[in-house]
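These notes concern the structure reproduced below.
Every read-out reported here was derived from the displayed coordinates using simple, explicitly stated rules and does not represent laboratory data. Here the structure is a predicted model, which means the values were calculated and not measured. Please note: Cβ atoms are built from the backbone with ideal geometry, for glycine as well, and neighbour counts cover all protein chains shown.
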Amino acid sequence: MQSIDYIEFIGNAFEAFHDTQDRFRSHFQLDDYTNWFYDQASELLTLSTDFTEINFKYIPIGTYSANSGTWLWTWHNSDSIEKGKDQTLRIKAFGTEKGYDKLIEGYFKSDEYAGWEFIAIAHQLLGGIGGYNVKSEHLEIYMLVMEQIDNDVAAKIKEQTITCERHGANRMAFICQHLNTETQTGFEEAFPSYKGMELEEDDDLQAWCDQCELERLRTDGWNDESMEFAGIKLVCEDCYFEIKEFNL
């Protein structure tokens, strides 16, 4: 049974979100875009027509299934690979603090209107410039839109993603041929890193083993000789951090 406090809270959240959503739809003329595409690895939502496109950074909030009449929070969804989904744990923490069951349970019976209710709550707690939902077969996917991304920047972000056999679509990373999760070889990297971190435009996750570090120092930096020894290969971000954890 919902408490009065929750009903009052969602009412206030809806009121604040309504004005934000109206400005969002009007400013970007969302109704003019006939196509949508979202990329989990880059966390970009792209709206387009035959002549133009616009890109946004988003946080996945959850999904509604028309088949089962259920809501699934993205923090409870193992199929969601977006790094930003961890931010939705703040919604769960808020629900735990206030005793709001709908914000605590990961998966439960719901109705088709719940998605916008939860987008309004997400906006209240996480910010953002609006909400968006897409329909894929029987599933409705709800996103909190955080900011517009320049099209040129978005194109570069999308170019930095690969499809991993184990982890699916993901950001790319680079490691030497000696790094693995079977034999510890040490772990050196270009800069301190953590999973899901924002990267500068020209930065990539890069790591190499202790032997490669000795070779790099011997040749006074990366050159043809040290690069040949390293045998740099491409992996996904999840693989990169699994290897990092194992070797550290």
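Please go through the residue pairs K156/K195; K85/K233; K83/K156; K83/K158; K195/K233 and name each one whose alpha carbons sit more than 21 Å apart in this structure.
K85/K233
Between the helical axis of 114-126 and the dominant principal axis of the chain, each derived from Cα atoms, what acute angle in degrees is found, rounded to the nearest 10?
60
Find which of T181, V145, M197 sits farthest along the positive direction of the dipole of the chain, computed with +1 on the beta-carbon of Lys and Arg, -1 on that of Asp and Glu, about the Cα centre.
Comparing the listed Cα positions along the dipole, V145 ranks first.
For a footprinting-style exposure proxy, rank R25, R218 by other Cβ within 10 Å, fewest first.
R218, R25
Counting C-alpha atoms alone, how compact is segment 91-222: give Rg to one decimal and Dmax as a whole number, in angstrom.
Rg, Dmax (Cα atoms, Å): 21.2, 64.
Taking a ≥ b ≥ c as the square roots of the eigenvalues of the Cα gyration tensor of the chain, is the shape rounded (a/c under 1.5), prolate (a/b larger than b/c) or oblate?
Prolate, since a/c reaches 1.5 and a/b exceeds b/c.
Specify which residue in the list N77, Y107, S42 is farthest towards the positive end of the charge dipole of the chain, using unit charges on the beta carbon of Lys, Arg (+1) and Asp, Glu (-1), about the Cα centre.
Y107
Ranking request for peptides 152-158, 236-242: highest mean number of other beta-carbon atoms within 10 Å first, then the rest in descending order.
Final packing ranking: 236-242, 152-158.
Given Cβ point charges of +1 (Lys, Arg) and -1 (Asp, Glu) and nothing else, what value in debye, to the nearest 20, does the dipole of segment 160-247 about its Cα centre take? Walk me through the numbers before you get to the answer.
Values: 7 positive and 21 negative charges, 65 e Å.
Here segment 160-247 has a charge dipole of around 320 debye.
At 7 Å along the Cα-to-beta-carbon direction for both D5 and N223, put a label point, then send me their distance in nm to one decimal.
Between D5 and N223, the label points sit 6.8 nm apart.
Could you sort 91-102, 192-203 so that the peptide with the highest average Cβ count within 10 Å comes first and the rest follow in order? Walk me through the numbers on the way to the answer.
On the way: 91-102: 15.5, 192-203: 10.6.
Ranking, from highest mean packing down: 91-102, 192-203.
Between 0 and 90 degrees, rounded to the nearest ten: what's the tilt of helix 4-28 against the longest Cα principal axis of the chain?
Here the helix axis deviates by roughly 70 degrees.
Report the relative contact order of segment 4-151, percent, no decimals, based on alpha-carbon pairs under 8 angstrom and at least 6 residues apart. Each step should come with its number before you reach the end.
Working: 251 pairs, mean separation 43.1, N = 148.
With pairs under 8 Å counted, the relative contact order is 29 percent.
Magnitude of the Cβ-charge dipole of the chain, K/R +1 and D/E -1, about the Cα centre, nearest 20 debye? Could the numbers behind the result be given before it?
Values: 20 positive and 47 negative charges, 162 e Å.
Value, rounded to 20: 780 debye.
If you average the sequence gap of Cα pairs under 8 Å that are 6 or more apart and divide by the length of the chain, what percent do you get for the contact order? Don't skip to the end; give the middle numbers.
Numbers: 401 pairs, mean separation 45.2, N = 248.
In percent, rounded to a whole number, it is 18.
Tally the DSSP beta bridges in the chain and give the antiparallel ones as a percent, rounded to 5.
In the chain, DSSP labels about 95 percent of beta bridges as antiparallel.
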